[in-house]
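The values are calculated or read from the model by the stated rules, or taken from the named source; none is laboratory data. Just so you know, these numbers come straight off a predicted model, no measurement behind them. Ideal geometry is used to build each Cβ from the backbone, glycine not excepted, and the neighbour counts take in all protein chains shown.
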Amino acid sequence: MFSKRCRIEANQGRQHYNQAVHGSYQPHYPSRPLSNSSQPLHPKHPQTNHAHRPIVELPPHSPLPPSEPILPPPQIPHKPIAREAPLPPLVPEPPPGSLVAYIHSSGIMGYMLLTPGSAQTTIRYHIVGVLQTETFRWKIYTQPTLPLTTSCSPTVIGTMLTDLTETLGPLRGGRGVLQSNIDLTGDDSILGKTLILEGIESGIRICTTLLPATKKVFAEAKLHSPVAGMVRIFQTSVRTGIITEYMMYSDGRRKDSVHQWALVQGSAEDATPEARVTNEQQKCRNFVGVPLIESNSAKAKPLTVSTEMPTIKGRTYQTVQAITSFDTVPIVYLILYEEKDTKTILACAALDLIEPKKAAAKFSSNEIQGSLTFTQETPYDPTQVEVNIKLFERAYSYGIDVLPTIKRRTVETKKCPNVKETIYNPLNKDPEEVPPQGEGSSDQYAVGDLSGKYGTLENVQEENFKVIDCNLPLFGYFSVVGRAIIFYSPDGPAIGCSNINLVDTNLTTSYATFDVPFQGQFIFRQRTGRCSDDMYIYIEASKPEQQGSEKTFNHPWHVHEKQVNAGFEHLSSTDCAAAGPHLNTYNTSTACIYQRDCTLFTSLRCENGDLTGKLSAIDIPVYKLLDGGEPDVGKYYFIDNNIANCGPASIIGRSIVIHSEDFGSPRVTCANILEFKSKP
């Protein structure tokens, strides 16, 4: 049991961090419903006496939504109608070595492109939007912005490096070309730093990161213990940018410190999933590599680690000289040394190369044909959206739902089964305060409000356009991957839907099925062989009526180290002592301030099996039929970056335990996590 002091520190720390970095940011599911719709039907479970059927049967047939049937093109006259809503300007083809800042905030849209020259840097900009006539002061700050946030707090972006208004004058809306002596490639490079536009009349502040506009290599190291946090690195041909995020002690130490560091090349043997986990657990004591850069001899800054929720103390940014490209060597490790002993290793972790993510929702029905394609290079880049859709039935709006669509039967009673018909809105945008459709910048709308961002489909038969969206992530907890895109008619009902699935990649799927005393299923999907990649988690849970007539709230759920024995008659068990403790591969400390420090923003500070701490507790409703004959089933969709389907930290072969309501400790039910194997 944690002391009163620990609970107070936990609450104060979380409140301080949310206010400092995210303002009133409260990530959750509340969002903007497009129609009143109850939950979809669940056919009767063949092994229980109520109607909640698992998605994966034993033996499993298909835990993933089946692909849409391929239909012949409908023979309907089709005449394209031009769209009326304007789209923000796209960045022209950039010359090598250029930096770009994408501007999509507070109704202002456009870009700034900086290109190095033999004598000076050329700055091209194109700014449009509701305040196009505004005049801006423009400044450079020392830190990059956080992905998916428009916060200009000094906690996030650091201190001012230079005020360009003093040397180049104020910036006006529209197009322009300027010449400057600003450094893009040397020791004072602004690569990865924040550009701020401050409206002189309106007072608005727009923050955006200056990113490489051409080829770059991006990698990240995830540290778990005794330091938790993330180190992300941009590589260009001339500079290397190093970002540390959420760096904090995870072994109970309570102090702030600075540390020398190194990037060390390893061999192919050091690149295996087993070697990566073992080296981190052993602090690389048996790892022998070739240094690529050492901070104490490369004019580099030390890295900071904090005991507090990582604000400016646990976040740093710097650029160093170009080093060997990570994509040309087998593996690179980040080595972090003890504060007062630069020969003793405090922590280490392997770097993962982060490749661009591409996902698509494809449609081939009598009502809709075509696709929406999404591409994001890194978590810091905007998402490139390409819409190519033909409509053969009248539509008005389209958006991304909080849930995936799942078809379980040959003939479904709903056009889009399983979805919630609620726009995905993790940042809690108020639908009464958003601009008219197609008139604002992407940050002003819910993440999933596509017709709000890009314009409605009223009187549209065909949409073909490309756009940059700074508020539609494919990486991390708020990713749209796996959720459904739904098209709605002018009267409200859905006319078609399809899931946003990753393109050209294989997924490894694991699952746990419960039948006593709760019924449901937990499904985990991750790109095959990428043990540090995002895990996509879908949950369904309910309980039969005889267990009580009330829905129960806030059930903790965790991955535990060992399997349980469910016997031959059931898929789950109420005897969960054999599950052992939470999965805690890296021996993360759970003493005292753990409650404060383990959050969805700092998931690497958590035990990797602590899904409640990283994500959320779950509510379990009593199974009953709602109006219209549809069942009430609890459904959740999460994304976690600190859990794996492969390697020594894999959850396959372990178990999930659901605890009692109201964050209780007693173990109510448990089930083993199995790997899904498709039939030959």
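Annotations
- Within segment 610-617, not a single residue is touching a helix residue (DSSP H, G or I) at 6+ places or on another chain (Cβ under 8 Å) and part of a loop (DSSP other than H, G, I, E, B).
- Selection over segment 415-432 of residues that are more than 20 Å from TYR538 (Cα to Cα), of a type outside the set (A, V, I, L, M, F, W, C) and touching a residue at least 24 places away in the same chain (Cβ under 8 Å) gives a count of 4.
- Filter result for SER365 (over 30 Å from THR194 (Cα atoms), hydroxyl-bearing (Ser, Thr, Tyr) and surrounded by fewer than 21 Cβ atoms within 10 Å (Cβ to Cβ)): yes
To keep it simple, each residue is scored yes or no on (1) among the acidic types (Asp, Glu); (2) under 28 Å from ARG232 (Cβ atoms); (3) in contact with a Gly (Cβ under 6 Å, 6 or more places away or on another chain).
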{"position": "HIS104", "(1), (2), (3)": "no, yes, no"}
{"position": "MET109", "(1), (2), (3)": "no, yes, yes"}
{"position": "GLY117", "(1), (2), (3)": "no, no, no"}
{"position": "ARG124", "(1), (2), (3)": "no, yes, no"}
{"position": "PRO144", "(1), (2), (3)": "no, yes, yes"}
{"position": "THR165", "(1), (2), (3)": "no, no, no"}
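- When PHE287 is tested against (1) touching a residue at least 40 places away in the same chain (Cβ under 8 Å); (2) part of a strand (DSSP E or B); (3) farther than 24 Å from LEU210 by Cα, just one condition goes unmet, and that condition is (2).
- Among strands (runs of 3 or more DSSP E) entirely within segment 459-543, having at least 2 residues that are free of Cβ contacts under 8 Å to residues at least 24 places away in the same chain singles out no element at all.
- Residue match in segment 198-219 (condition: touching a residue at least 40 places away in the same chain (Cβ under 8 Å), hydroxyl-bearing (Ser, Thr, Tyr) and under 30 Å from HIS259 (Cα atoms)): yes
- Selection status of SER660, over 25 Å from LEU223 (Cβ atoms), out of contact with any strand residue (DSSP E or B) (no Cβ under 7 Å at 6 or more places or on another chain), surrounded by fewer than 16 Cβ atoms within 10 Å (Cβ to Cβ) and in contact (Cβ under 8 Å) with a residue 40 or more places away in the chain: no
- Candidates ILE293, ILE345: the one that is surrounded by 15 or more Cβ atoms within 10 Å (Cβ to Cβ), touching a Lys or Arg at 6+ places or on another chain (Cβ under 7 Å) and not in a loop (DSSP other than H, G, I, E, B) is ILE345.
- Residues (on the phi > 0 side of the Ramachandran plot and of a type outside the set (Gly, Ala, Ser)) located in segment 509-561: ASN554
- Within segment 134-162, tally of residues that are of a type outside the set (A, V, I, L, M, F, W, C) and assigned to a loop (DSSP other than H, G, I, E, B): 12
- THR165 satisfies every condition listed in (1) modelled with pLDDT of 95 or more; (2) crowded, with 21+ Cβ neighbours inside 10 Å; (3) not in a strand (DSSP E or B) except (2).
- Listed by position, the strands (runs of 3 or more DSSP E) inside segment 92-132 whose residues that are farther than 19 Å from THR214 by Cβ and among the β-branched types (Val, Ile, Thr) number at least 2 are 121-129.
- Members of segment 355-372 found to be in contact with a Lys or Arg (Cβ under 8 Å, 6 or more places away or on another chain) and of a type in the set (A, V, I, L, M, F, W, C), listed by number: ILE368
- Test: residue in segment 594-604 that is at pLDDT 95 or above, more than 21 Å from GLU220 (Cα to Cα) and among the hydrophobic types (A, V, I, L, M, F, W, C): no
- In summary, SER603 fulfils each of the numbered conditions (1) among the small types (Gly, Ala, Ser); (2) surrounded by fewer than 21 Cβ atoms within 10 Å (Cβ to Cβ); (3) more than 25 Å from SER573 (Cα to Cα) with the single exception of condition (2).
- Those strands (runs of 3 or more DSSP E) lying entirely in segment 357-408 with at least 1 residues of a type in the set (Lys, Arg) and touching a residue at least 24 places away in the same chain (Cβ under 8 Å): 357-364, 383-391
Residues are listed down the side, and each one gets a yes or a no for (1) in the same structural domain as GLN281 (by TED's automatic domain parsing); (2) of a type in the set (D, E, K, R):
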| residue | (1), (2) |
| --- | --- |
| VAL305 | yes, no |
| ARG315 | yes, yes |
| ALA322 | yes, no |
| VAL329 | yes, no |
| ASP341 | yes, yes |
| ASN366 | no, no |
| LEU372 | no, no |
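- Residue list for segment 303-323, restricted to those being in a loop (DSSP other than H, G, I, E, B) and either farther than 28 Å from TYR594 by Cβ or touching an Asp or Glu at 6+ places or on another chain (Cβ under 9 Å) (or both): THR307, GLU308, MET309, PRO310, LYS313, GLY314, ARG315, ALA322, ILE323
- Unique match (being touching a Lys or Arg at 6+ places or on another chain (Cβ under 7 Å) and surrounded by fewer than 18 Cβ atoms within 10 Å (Cβ to Cβ)) among ALA322, ALA298: ALA322
- Residue within segment 201-221 that is assigned to a helix (DSSP H, G or I), more than 17 Å from GLY97 (Cβ to Cβ), aliphatic (A, V, I, L, M) and not assigned by TED's automatic domain parsing to the domain that holds TYR333 present: no
- Criterion: more than 30 Å from LEU114 (Cβ to Cβ), modelled with pLDDT of 95 or more and not assigned by TED's automatic domain parsing to the domain that holds SER589 - qualifying residue of VAL231, VAL277, VAL258: VAL277
- VAL177 meets the stated requirement of being in a strand (DSSP E or B) and more than 27 Å from GLU355 (Cβ to Cβ).
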